[in-house]
Every structure is written in C-alpha cells, then in structure tokens.
Amino acid sequence: MLRLLVALAAMLFVLPVGHAAAADFTKTDTRVTMSDGVELAVSYFQPTGTPPAAGWPAVVLLHGLGQTRNSSDFVNWSPNSMAAQYLAPNGYAVLTYDARAHGESGGQFTLDGPRELADLRELLTWLTTRHPVDAQHVGAYGASYGGGLVWKAAVEGLPLAAIAPTATWTDLREALAPQSLVRAGIVLAFAQDIPRERFGPDEQQLLADAISEQNVPALRAYLASRSTRPQLGTIRIPTFILQGRRDFAFDANQAIAAYQRVRGPKRLYIGDFGHTPATNPPEEFAYISLELRAWFDRFLKGIPNGIDKRPPVEIAPDPWRSPTTSFKTLPKPRTLKFSFKQRSSLTADGKVVRTTKRVAHVETFGSPAVSVQFAPGATGYRHLVAVLSALTPAGKEILVADGGADTSTAQNRARRVSLRLQNEITSIPARSRLRVTLGARSIVQNVNNLVYLIPVPDSSRATIRGVTLTLPVLRKPISR
C-alpha cells in the first residue's frame, strides 16, 4: 500500500557504465565498512575531466523505506538513475547508498536512529577524504525515510551546504500517533517494507505495541526521538522543502511547519507527488528535478540563477500542470464553518454521519477540525475517529482528511472533543457536499480507508451531538 513512492526525476532510467553518458562521468560500486563493522553498499559517481581547484561539488542521495540506491516502485526511478540523469553529467560528484538493513547493506533497521545518522556522517567523511570533492560544498537530498535523515543530519550539524528533504516528516508523533491515537494502518503498511528480522529489538517491540494500541506514551516518546521539528530553528543552511499536497502518511503540515522555522535561505514546493493517494505524475518530476538541480547549482556551485530570488512558496494545481502558482509568503486561508445540532447514538462498529449543503468550488489549505459534544456510555468509548469526505455532483466520494483522539480520559462524562485532521490540500468541485463520518475506526467511512484500524470493545457506546466542522480553504482555488 504505502510504498515510499517519492521521486524527483521524470521517466528516468539507469545509464549503464560504458554507454550513453560514459563521457560525462564514471560510476563505481563498492562497499564501505562502518565503525560498528557493518558494510554498506554504495555507488560513487564522478564527473570526467579536471575537477575545480577545491574539488567537485557533491550531492548525497538517500532513498525511501524498503528501497535501495538501485530500485524504486515508481517510473523506474532510483537515486542512481537521478545521479546519472541530472547531477553527474552536470558537474556533481554523487554518493548513493543502500541504508543499513536495505538492499545489499547489512545491519538492523532503527528508523533513522543514532546509528543511521552515524552512517551518514561516516560516509560524508569517506566521500570528502577519499575523492576529489569539495568538502565545503556537499548537499543532500532524501525522500521520505531518507528525508527524515536529511533533517536529522541538518539539526545535528553534519557538514552539509544545502539540503532538499522531500515528502517526509518533521514530527513523527503528529504523523503516526496524533492526539495519542495510533494510525495503525499507516504504521503496519510501512512495517511491511522491511523484513521483520531486520528490525532492531526496540523497533520490533514498538511495532507490536503500535498495531495493538499498547504503551502509546512509550511509542510517542520514541517517535519524538526521531523527530526534528523543535530543532529546525537552528538550521541556517539553504533548504529546499518538497512535499505532497495529498499524502496520507506525511501531510503538508510536516513541510509547512519546517518552512516556518528554518532560518536560512529556504524554498517550499507543494505538488502532486508523495505517498498514497498522490498521483505522482511523471511530467511533474521533470519540472521539479530541474528546480532541485537549480537549487544545488545556486548554493553548491554559486551560480546566480535566480532561484533564490523567486517567490519562495510554490504550489502546483491538482491535477498537475504548468504554470504553478507562486506566493511571496505562505497563503493565509479563510475559514468555513458548519454546525449540526442533531443527537445520535454511536456503537462500537457504528457510525454517525453529518452532511452539509452544497458548497462552491473550494480548495482546502490547513488542518480541518471537527468538534463534537461527546458523552461515553457506562462502559466507555476509548477513542473517536473523524473522516472528512466530499460528495461530488458526479457521485464520487473524495476522501479529504482524517483525524482521531484518545477519549479514554472522559471517564463516562460528557465533554467537548476536538479532532485535528491531516492537512491534505484538496480541490473540492463546485456543488459538492461535505461529509463528516464519526466512529471508532476509519473503515466505518469506507472499508478501504485503512488508517485507523483498532476497534473499541463491543460494549462501547457514546452519544454524539453538536458537531462542528471548521475548514480552512485558499482564498482563491488554484486547481480547476
């Protein structure tokens, strides 16, 4: 399901050494032994010809979860094909590698933990001391799992001159266990990308807890240790942040929060790529691959190409097309509000549905919120999930966003519960109706909505009334 689909190249292919671009660069595959004895499989690309006096500028490319430097599950993209197509022929040394517990590399998976950070640190040293590379001008790009490590490297002060984290997280608690309710379907789908025997012991236990809704405080503490949002204000190196409009794993807020905090030169691109349900149009990858290279050209080569002078926030329409829409600052949305006074009973496997009148064409931008007057029954109702969808005039239901919260502290008392939903930037056609579905799991909205999966006990009962939906939208839609 949620394979890490993100790629920044269009219709890319691996260029075999000795063919096509052989005059532009050489490629060497080898293994590098880390300080703990684990060997990592790497590829090193070097432009042909005489390097600059200080050495070649360089870029390290990090792959996503379950992938390798040579593989991808989208349009044959891989870090190696990106290196061969866009960077090495244009004067960059490039390092790619299979992360530990991936591909040809050894070791155990600890989700961008201290050992993975040490791997990147040691590989940067290997790159800059064993090759004609300018150690002052090394950049890094990473997608999803790789992007999380790029953020970690930046806040920990690894010697990087420019970064491009893509379709990734800055707060893993918010992504996987917001409001203390585990998004077990997302966690389980990611876990399937790594053989269980390659998990570290802590990760195996935490996975078991996550998919059974046990020891959630310990899980959130672990996720916090893999998050960087509180430290992002220390970043002053040039940062190009790329994120998907509709990415149910890592929503737009993950990138927007980073853009608001980073202190150095920065740029934000929000497009149609990312995890499910992103469409990942190949034509968009061609467009943003060139923007990515321009960013590195500006800050690793010092070429005054103007990318740092353009409006820094860029949002692509859905479906993707050029031109995109640019903003000098983050757009300030307006807010729509809908209220429902009805009273309904909620069972363990049941649902409560509220539907608005028809709305004009709107495009969401920000986190929707659902507030309910919630009264658990005598046996309690330990968590509540809200799913926001749109019913189009054509009869299609568009899943907009979801959110959930732990309600076990209600202790059988009526109270108002506020549910923050993910920021999935969604174009809602004119004359659609908005629908809020409340229940214990996301599958009550649709059996294929596999985000919140953990049930409540069969005896659970609750009363719902006073439902309010608050929906931030762009002042003017950019999608058709």
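The values are calculated or read from the model by the stated rules, or taken from the named source; none is laboratory data. Just so you know, these numbers come straight off a predicted model, no measurement behind them. Heads up, the Cβs are rebuilt from the backbone with ideal geometry, glycines too, and the neighbour counts pull from every protein chain shown. Side chains are part of the model used for accessible areas, which takes the heavy atoms of the whole protein and leaves out ligands, DNA and RNA. Shrake-Rupley method; radii C 1.70, N 1.55, O 1.52, S 1.80 Å.
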*Name every residue in the stretch 293-346 that is of a type in the set (D, E, K, R) and under 30 Å from ALA375 (Cα atoms), in order of residue number.*
LYS337, LYS341, ARG343
*Of the criteria (1) within 21 Å of SER212 (Cα to Cα); (2) open to solvent by 50 Å² or more (accessible area, probe 1.4 Å), which one LYS357 fails*: (1)
*When both residues are 6+ apart or on different chains and their Cβ atoms are under 7 Å apart, which pairs have a first residue that lies in the stretch 351-368 and is on the phi > 0 side of the Ramachandran plot, and a second that is open to solvent by 10 Å² or more (accessible area, probe 1.4 Å)?*
GLY366/PRO333; GLY366/PRO472
*Any idea which residue in the stretch 105-156 is least open to solvent (accessible area, probe 1.4 Å), counting only those that are more than 24 Å from PRO51 (Cα to Cα), without any contact (Cβ under 8 Å) to a residue 60 or more places away in the chain and of a type outside the set (A, V, I, L, M)?*
GLU116
*asked:* Being under 22 Å from the mean Cα position of the chain (by Cα), at pLDDT 95 or above and not in a strand (DSSP E or B) is the requirement here; does VAL447 meet it?
replied: no
*Quickly run through the stretch 155-175 and pick out the residues that are more than 10 Å from the chain's Cα centre (by Cα) and closer than 23 Å to GLU291 by Cα.*
PRO159, LEU160, ALA161, ALA162, ILE163, ALA164
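Yes or no, residue by residue, for (1) in contact with a Leu (Cβ under 8 Å, 6 or more places away or on another chain); (2) under 28 Å from ILE315 (Cβ atoms); (3) open to solvent by 60 Å² or more (accessible area, probe 1.4 Å):
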residue	(1), (2), (3)
LEU419	yes, yes, no
ILE425	no, yes, no
ARG433	yes, yes, yes
ILE454	no, no, no
ARG465	no, no, yes
THR468	no, yes, no
*Among residues of the stretch 373-424, those that are among the β-branched types (Val, Ile, Thr), closer than 18 Å to ASP349 by Cβ and in contact with a Phe, Trp or Tyr (Cβ under 8 Å, 6 or more places away or on another chain), counted*: 2
*From the residues in the stretch 414-438 that are in a strand (DSSP E or B) and touching a Gly at 6+ places or on another chain (Cβ under 8 Å), which one is modelled with the lowest pLDDT?*
ARG416
*List the number of the failed condition for LEU123; all other conditions in (1) under 24 Å from GLY302 (Cβ atoms); (2) modelled with pLDDT of 95 or more hold.*
(1)
_Here's a check for you: in the stretch 68-93, which residue that is open to solvent by 10 Å² or more (accessible area, probe 1.4 Å) and polar (S, T, N, Q) is modelled with the lowest pLDDT?_
ASN76
*Where in the stretch 231-340 are there strands (runs of 3 or more DSSP E), lying fully within it, with 1 or more residues that are under 16 Å from ALA164 (Cα atoms) and either in contact with a Cys (Cβ under 8 Å, 6 or more places away or on another chain) or open to solvent by 20 Å² or more (accessible area, probe 1.4 Å) (or both)?*
266-271
*Looking at the stretch 195-230, which of the residues that are part of a loop (DSSP other than H, G, I, E, B) and over 18 Å from the mean Cα position of the chain (by Cα) is nearest to LEU160 (Cα to Cα)?*
GLY200
*List every residue pair whose Cβ atoms lie under 6 Å apart, where the two residues are 6 or more positions apart in sequence or sit on different chains, the first residue falls within the stretch 420-446 and is touching a residue at least 60 places away in the same chain (Cβ under 8 Å), and the second residue, located anywhere, is basic (Lys, Arg) and not in a helix (DSSP H, G or I).*
GLU424/ARG246; ILE425/ARG245; ARG431/ARG358; ARG433/ARG358; VAL436/ARG354; THR437/LYS351; GLY439/LYS351; VAL444/LYS351
*Working only within the stretch 377-413, note down all residues that are open to solvent by 40 Å² or more (accessible area, probe 1.4 Å), under 30 Å from PHE273 (Cβ atoms) and outside any loop (DSSP other than H, G, I, E, B).*
GLU397
*Of all residues making up the stretch 32-52, the number that are crowded, with 16+ Cβ neighbours inside 10 Å and either outside any strand (DSSP E or B) or at positive phi (or both)*: 3
*Yes or no: ALA22 open to solvent by 60 Å² or more (accessible area, probe 1.4 Å) and either within 15 Å of TYR86 (Cα to Cα) or modelled with pLDDT of 95 or more (or both)?*
no
